[in-house]
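See structure below.
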Amino acid sequence: MRDNEVFKSVEKELNRQRNNIELIASENFVSEEILELAGSVLTNKYAEGYPGKRYYGGCQFVDEVETLAINRLKELFGCEYANVQPHSGAQANTAVYLALLDHGDKVLGMSLADGGHLTHGHPLNYSGINYEFYSYGVSRDTETIDYEDYKHKVETIRPKLVVAGASAYSRIIDFKYMAQIAHDNGALFMVDMAHIAGLVAAGLHPSPFPYADVVTTTTHKTLRGPRGGVIMCKEELGKDIDRAVFPGMQGGPLMHIIAAKAACFYEALQPEFKDYAKQIIKNAKALEQSLKEEGFRLVADGTDNHLILIDVKASCGISGKKAERLLDEINITANKNAIPFDTEKPFKASGIRVGTPAMTTKGFNEDDFREVGKIIAYRLKNDETDEVKEACLKRVKALTDKVRMYQGKSYL
Ligand code: PLP
């Protein structure tokens, strides 16, 4: 008996992914091979433990898969030790905290309001609930990380761990400097490179290796893999990290996702991936230029990476929430996002976050992204009329018709 209800909804989502301009900076489109592996029979297999040391029989083939994933990840980033089992980025971070910290220890992470992530100490997250988190952020004038303030905080708070990395930060992060300050003050240094992992893999953002003691990432953003997380660390921390993931935090690993992660690392090791990552940044610069020409105020005055934070309140007098809806109605998907020193509540926000990884995968180039910038401006700067909406929908269709993907098969 087929569950038609859920298949219908998935089919509608497939069509949305085919037809929309996807600008959510944390999303991407995986290859057909990765999709196939994520939907493979490995979903049936229990494999608690690690390759060669499992608590279940019949693990010889999933052992091969997990070993491939680990070795490829180590090769991709040049790291000493890797754990590919975390189900998500949040769980990867939580496992690191479990491995390195005791309840109540002091930690310093980037403020969510300035671009950090929930798992970097938000009071409602496991991190903020279980540890004494402090935060650093960006300066008011440049809207880039205030490294002086960061140094002062490390020196005065004396945290056991410093967390670097962000979810909504468009400029290069100086991992080398941050690690040096952390280590000079007796702290461990962790980098959550979830957003920029693909750019790091391609050598287009300074790598956190070898400065960081531990590095986490999601696999589904710029790295263009399946939804999941991984942890990389120095050899001497490997045993503690493994123990924190299993049995500390998780039971059986998702072997179908680990197979898809192995394929993701394989793809990222190919020379074409570097071209893809370069194009992500070229496209972000083209979008930046187009938005600036349209008079938009961009947080930190633009981007060095794959994302841009647009201050829509200052630029068009509307909230991020309204901008998100207006764009959604013309088949452009983006998300509202707080900007530094935002005067709006997070659910309304003054900004929207836009990113280029997903549409770069579909084949958009700089000209396409310049046109995207113009469509965004036309929609957000005009009154909400049917005429404006219809004109935008037409222009969006002209762009998306050029770059079809997931065609031919059902992909359900
Ligand atoms: N860390 C950073 C920097 C992120 O941006 C995100 C997700 O957006 C995560 C961790 C959490 O990843 P997940 O949603 O897989 O738990």
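The values are calculated or read from the model by the stated rules, or taken from the named source; none is laboratory data. Just so you know, these numbers come straight off a predicted model, no measurement behind them. Cβ: placed from backbone, ideal geometry, glycine included. Neighbour counts: every protein chain shown.
Could you give me the residue pairs with C-beta distances under 7 Å whose first residue belongs to the range 61-88 and is free of Cβ contacts under 8 Å to residues at least 24 places away in the same chain, whose second residue is within 16 Å of the ligand (Cβ to nearest atom) and charged (D, E, K, R) wherever it lies, and which are 6+ apart or on separate chains?
Filtered contacts from the range 61-88: no entries.
Going through the range 283-334 one residue at a time, which ones are of a type in the set (Asp, Glu), closer than 21 Å to Phe347 by Cβ, in a helix (DSSP H, G or I) and touching a strand residue (DSSP E or B) at 6+ places or on another chain (Cβ under 9 Å)?
Correct list: Glu324 only.
Regarding Ile173, is this residue among the hydrophobic types (A, V, I, L, M, F, W, C), crowded, with 16+ Cβ neighbours inside 10 Å and part of a helix (DSSP H, G or I)?
Here the answer is no, as Ile173 does not meet what is asked.
When both residues are 6+ apart or on different chains and their Cβ atoms are under 9 Å apart, which pairs have a first residue that lies in the range 108-121 and is at pLDDT below 95, and a second that is in a helix (DSSP H, G or I) and near the ligand (Cβ under 10 Å from one of its atoms)?
Leu112/Leu118; Leu112/His120
Hey, Lys348 hits all of (1) free of Cβ contacts under 8 Å to residues at least 40 places away in the same chain; (2) basic (Lys, Arg); (3) not in a loop (DSSP other than H, G, I, E, B) but one; which does it fall short on?
(3)
Please verify whether the range 188-207 includes one or more residues that are away from the ligand (no atom under 16 Å from the Cβ), farther than 23 Å from Ser26 by Cβ and not in a loop (DSSP other than H, G, I, E, B).
Taking every residue of the range 188-207 in turn, at least one turns out to be away from the ligand (no atom under 16 Å from the Cβ), farther than 23 Å from Ser26 by Cβ and not in a loop (DSSP other than H, G, I, E, B).
Out of Tyr169, Tyr211, I need the residue that is at pLDDT 95 or above and more than 27 Å from Ser31 (Cα to Cα). Which one?
None of the other options fit; the residue is Tyr211.
Under 6 Å between Cβ atoms, which residue pairs at least 6 apart in sequence (or on different chains) link something in the range 270-299 that is assigned by the TED database to the domain that holds Met359 and free of Cβ contacts under 8 Å to residues at least 60 places away in the same chain with a partner that is in a helix (DSSP H, G or I) and of a type outside the set (Val, Ile, Thr)?
Once the first residue is assigned by the TED database to the domain that holds Met359 and free of Cβ contacts under 8 Å to residues at least 60 places away in the same chain and sits in the range 270-299, its partners that are in a helix (DSSP H, G or I) and of a type outside the set (Val, Ile, Thr) give Arg297/Ala314; Arg297/Ser315.
Could you run through the range 78-108 and say how many residues are crowded, with 21+ Cβ neighbours inside 10 Å, more than 16 Å from the ligand (Cβ to nearest atom) and part of a helix (DSSP H, G or I)?
1
Kindly indicate whether any position in the range 45-67 is among the hydrophobic types (A, V, I, L, M, F, W, C), more than 16 Å from the ligand (Cβ to nearest atom), closer than 17 Å to Thr217 by Cα and assigned to a helix (DSSP H, G or I). Walk me through it before giving the result.
Residues of the range 45-67 that are among the hydrophobic types (A, V, I, L, M, F, W, C), as a first pass: 47, 59, 61-62, 65.
Retained after the next criterion (residues that are more than 16 Å from the ligand (Cβ to nearest atom)): 47, 59, 61-62, 65.
Pick out the ones that are also closer than 17 Å to Thr217 by Cα and you get none.
No, every residue in the range 45-67 fails to be among the hydrophobic types (A, V, I, L, M, F, W, C), more than 16 Å from the ligand (Cβ to nearest atom), closer than 17 Å to Thr217 by Cα and assigned to a helix (DSSP H, G or I).
So which residues in the range 182-196 are out of contact with any His (no Cβ under 9 Å at 6 or more places or on another chain) and buried (at least 19 other Cβ atoms within 10 Å of the Cβ)?
Ala182, Ala187, Leu188, Met190, Val191
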